[in-house]
Amino acid sequence: MAISLGSLKSTTRLTPPITLIYGVDGVGKSSLAAEFPDAVYISTAGERPPSDVELPTPGDIETWDDLKNVVGELITEEHSFKTVIFDSLDGLEPIINAETCLRIGADSIGSNDKGSPAAFGQGDVQGDVEWGEFMDACSALTERGIAVVLLAHPEIKRFDSPVTDPYDRYQVKLRKRAAALVRERSDIVAFLNYRVSLKSKEVGIKKEVTHAEGGKERQIHLTEGAGFVAKNRYSMPDAITYKKGSGYAELSKYFPAPTGIAA
């Protein structure tokens, strides 16, 4: 069907978001995700929700087929879930990498000494295919009225800015191309961290010491800062103070609510 100005439609999206939440250990990523309505928890080996959070789960994802099967059911079958939580992306990464390596005949995602000559050194590039399929599935879930929450751990990496000297910042703990693709396809990238203030005190002639204060108040950063990656597509504030039990209520003021597939 040819595109035509005679069939204009609004660009306003009514589907719930794909939300990527990452942050330092113990800051409350899983607790925040669990506040999303009617959630099902899909984990990888070693990941568990907080002890005070009870969520239905099909069990750990161990293979690419496990991932495809459970997501396929969530997309096509009738159910009451309105949110799908994947915990964590860095736990899914070796599963997705293994599928890429199997498809291209590579020994590992970073090298290919014994694999197909045509695929030599192409692991990271080829990985875009499987990561793209996963994010396509996340988009399909949102089209069915189901919010998607992706949890990830952070790492501190050097950022070579073209306009400043290099500096370190928090980023999502994934291989570079995978991290870029997931960030691009997510509607919200939220960095969760403690709020810390630095105080200086003079302790001698021309000598100061600096110490940190605070560290208990948590913030959800929703736009990028010098020290972290973040973004949103909903005109959200730069940051929201996170208090357990009210995080989703604050975030959901800015995006369409998940309705589930029964809507």
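FRET efficiency for the pair D25 and R103, taken as 1/(1 + (r/R0)^6) with r the Cβ-Cβ distance and R0 = 25 Å, rounds to 0.15. A simple spin-label model places the labels of Y167 and K253 2.9 nm from each other, with each point 7 Å out along Cα-to-Cβ. A cut-off under 9 angstrom between Cβ atoms defines the neighbours of V189, and their net charge, with Lys, Arg +1 and Asp, Glu -1, is 0. Peptides 71-81, 222-232 ranked from most to least packed, by the mean per-residue count of other Cβ atoms within 10 Å: 222-232, 71-81.
Note on T241 and I75: with the Förster distance fixed at 35 Å, the Cβ-Cβ geometry gives a FRET efficiency of about 0.50.
Computed from the coordinates by the stated procedures, all read-outs in this text should not be read as laboratory data. What you see is a predicted model, and the numbers here were worked out from it, not measured in a lab. Note that we place each Cβ from the backbone using ideal geometry, even for glycine, and neighbour counts take in every protein chain shown.
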